[in-house]
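Novice: What follows is a single structure, and I will ask about it in a moment.
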Amino acid sequence: MHRGGRSARARSGRTMVRRLLALAGSGALLLASPAAAQDSPPDFSGFWGPVFNLGEPAADMVARLPENTVVIADTGVAEFPRGEYGGLILTPEALAHAEQWRPESELAIDRVCLPQSIVYALQGPFPFEIHQTPTLIVIRYEYFDQVRLVHMDGREHPAEAPDTKMGYSTGRWDGSDLVIETSHIAASTITNNGLDHSNRIRTTERYRIDPADGRLVATQWFSDSATITNNGARWIEWERRPGQYVYPYECDPSFALEYEGR
């Protein structure tokens, strides 16, 4: 996972988050949504940093994954080499596309600052912060300064929503687990080695706070019949880091010039 650069200058992201949360807070006073009606859901608010010494996946969370699902092991800094897909079975068209992929193409000046979708970005080695209300959860990712809205008011996914790299997300509480379903994800990469997904991909994430060590743990499940014939999932962990901040990513495309001619 490349990084074009980052500076210490303040960005407008926090202002936008505050406005979104103010609107969500006012809505919470007026709406009796399913999320608002639940008694004391866990508080995921705060700054979360990636954990690379992963523990054993929670057996009950893995058991909830749909049939025909393989858990791929590419979480964190390490990535699959070219030609390795962790057990995912590619369609003939996706395989042909992946075989033509070259890593140097991603370092071209017109591509080096293109953000990946939430499918790949979620497992990467960058932190995020969560702002939680009963009707809306805002997740601000350091990776490419992306912001994600998770609607907790029981709404359906609108057919007319545009495709974006973060997609359209709705959430619900299942006991102490937060379940997020996402559609309308713009085409991007699954494994950053030539295996790309279409805009028909859908994901389901299940989050919980591990009572043993306080880590935020999650399964990320995805399905895309246009590119893979089975389903994929990841096991991901983060740790709460009070007092830390999400910094501007500020990708500089001139970063690609360092690789020209190599």
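The values are calculated or read from the model by the stated rules, or taken from the named source; none is laboratory data. In this text, all values refer to a predicted model and were calculated from it rather than measured experimentally. As a convention, Cβ positions derive from the backbone with ideal geometry for all residues, glycine included, and neighbour counts pool all protein chains shown.
Novice: Does any residue of the range 73-87 turn out to be under 15 Å from the mean Cα position of the chain (by Cα) and over 28 Å from S254 (Cβ atoms)?
Specialist: yes
Novice: Within the range 48-64, can you find the residues that are among the hydrophobic types (A, V, I, L, M, F, W, C) and under 14 Å from V217 (Cα atoms)?
Specialist: Selection gives W48, V51, F52, L54, A58, A59, M61, V62.
Here's the yes/no breakdown for (1) crowded, with 20+ Cβ neighbours inside 10 Å; (2) modelled with pLDDT of 95 or more; (3) in contact with an Asp or Glu (Cβ under 6 Å, 6 or more places away or on another chain):
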residue	(1), (2), (3)
T170	no, yes, yes
W173	no, yes, no
S183	no, yes, no
P242	no, yes, no
D252	no, no, no
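Novice: Yes or no: the range 7-20 includes at least one residue that is modelled with pLDDT of 85 or more, of a type outside the set (S, T, N, Q), out of contact with any His (no Cβ under 6 Å at 6 or more places or on another chain) and part of a helix (DSSP H, G or I).
Specialist: In the first step, residues of the range 7-20 are kept if they are modelled with pLDDT of 85 or more; the result is none.
Within the range 7-20, not a single residue is modelled with pLDDT of 85 or more, of a type outside the set (S, T, N, Q), out of contact with any His (no Cβ under 6 Å at 6 or more places or on another chain) and part of a helix (DSSP H, G or I).
Novice: Taking V119 as meeting all but one of (1) in a helix (DSSP H, G or I); (2) among the hydrophobic types (A, V, I, L, M, F, W, C); (3) more than 22 Å from L90 (Cα to Cα), write down the number of the exception.
Specialist: (3)
Novice: Please enumerate the residues belonging to the range 223-241 that are part of a loop (DSSP other than H, G, I, E, B), among the β-branched types (V, I, T) and under 20 Å from I118 (Cα atoms).
Specialist: Passing the criteria: only T227.
Novice: Take the residues in the range 189-205 that are surrounded by fewer than 21 Cβ atoms within 10 Å (Cβ to Cβ) and touching a strand residue (DSSP E or B) at 6+ places or on another chain (Cβ under 8 Å), then tell me which one is nearest to V71 (Cα to Cα).
Specialist: Among those that are surrounded by fewer than 21 Cβ atoms within 10 Å (Cβ to Cβ) and touching a strand residue (DSSP E or B) at 6+ places or on another chain (Cβ under 8 Å), it is T204.
Novice: State whether the residues of the range 90-97 include one that is more than 22 Å from D174 (Cα to Cα), in a loop (DSSP other than H, G, I, E, B) and out of contact with any helix residue (DSSP H, G or I) (no Cβ under 6 Å at 6 or more places or on another chain).
Specialist: Within the range 90-97 (the criterion being more than 22 Å from D174 (Cα to Cα), in a loop (DSSP other than H, G, I, E, B) and out of contact with any helix residue (DSSP H, G or I) (no Cβ under 6 Å at 6 or more places or on another chain)), the answer is yes, since at least one residue qualifies.
Novice: Does any residue in the range 144-173 that is over 20 Å from V119 (Cα atoms) and touching a residue at least 40 places away in the same chain (Cβ under 8 Å) come within less than 6 Å, Cβ to Cβ, of a residue that is part of a loop (DSSP other than H, G, I, E, B) and not hydrophobic (A, V, I, L, M, F, W, C) six or more places away or on a different chain, and which pairs are these?
Specialist: What qualifies is M152/T135; D153/S33; D153/T135; G154/S33; W173/Q38; W173/P41.
Novice: Continuing with the same structure: Of the numbered conditions (1) out of contact with any strand residue (DSSP E or B) (no Cβ under 7 Å at 6 or more places or on another chain); (2) in contact (Cβ under 8 Å) with a residue 40 or more places away in the chain; (3) within 20 Å of F47 (Cβ to Cβ), T135 satisfies every one except a single condition; which is it?
Specialist: Unmet for T135, out of (1) out of contact with any strand residue (DSSP E or B) (no Cβ under 7 Å at 6 or more places or on another chain); (2) in contact (Cβ under 8 Å) with a residue 40 or more places away in the chain; (3) within 20 Å of F47 (Cβ to Cβ): (3).
Novice: If we scan the range 215-224, do we find a residue that is over 21 Å from E79 (Cβ atoms), out of contact with any strand residue (DSSP E or B) (no Cβ under 9 Å at 6 or more places or on another chain) and of a type outside the set (A, V, I, L, M, F, W, C)?
Specialist: no
Novice: Then there is this: With the condition kept exactly as written, say whether any residue in the range 52-71 is in contact (Cβ under 8 Å) with a residue 12 or more places away in the chain, closer than 28 Å to S254 by Cα and part of a loop (DSSP other than H, G, I, E, B).
Specialist: No, the conditions are met nowhere in the range 52-71.
Novice: Hey, any hits in the range 97-113 for a residue that's among the hydroxyl-bearing types (S, T, Y) and without any contact (Cβ under 8 Å) to a residue 40 or more places away in the chain?
Specialist: Yes, the range 97-113 contains a residue that is among the hydroxyl-bearing types (S, T, Y) and without any contact (Cβ under 8 Å) to a residue 40 or more places away in the chain.
Novice: Of the residues Q244, Q220, only one is part of a loop (DSSP other than H, G, I, E, B) and either on the phi > 0 side of the Ramachandran plot or touching a residue at least 24 places away in the same chain (Cβ under 8 Å) (or both); which?
Specialist: Within the list Q244, Q220, the selection yields Q244.
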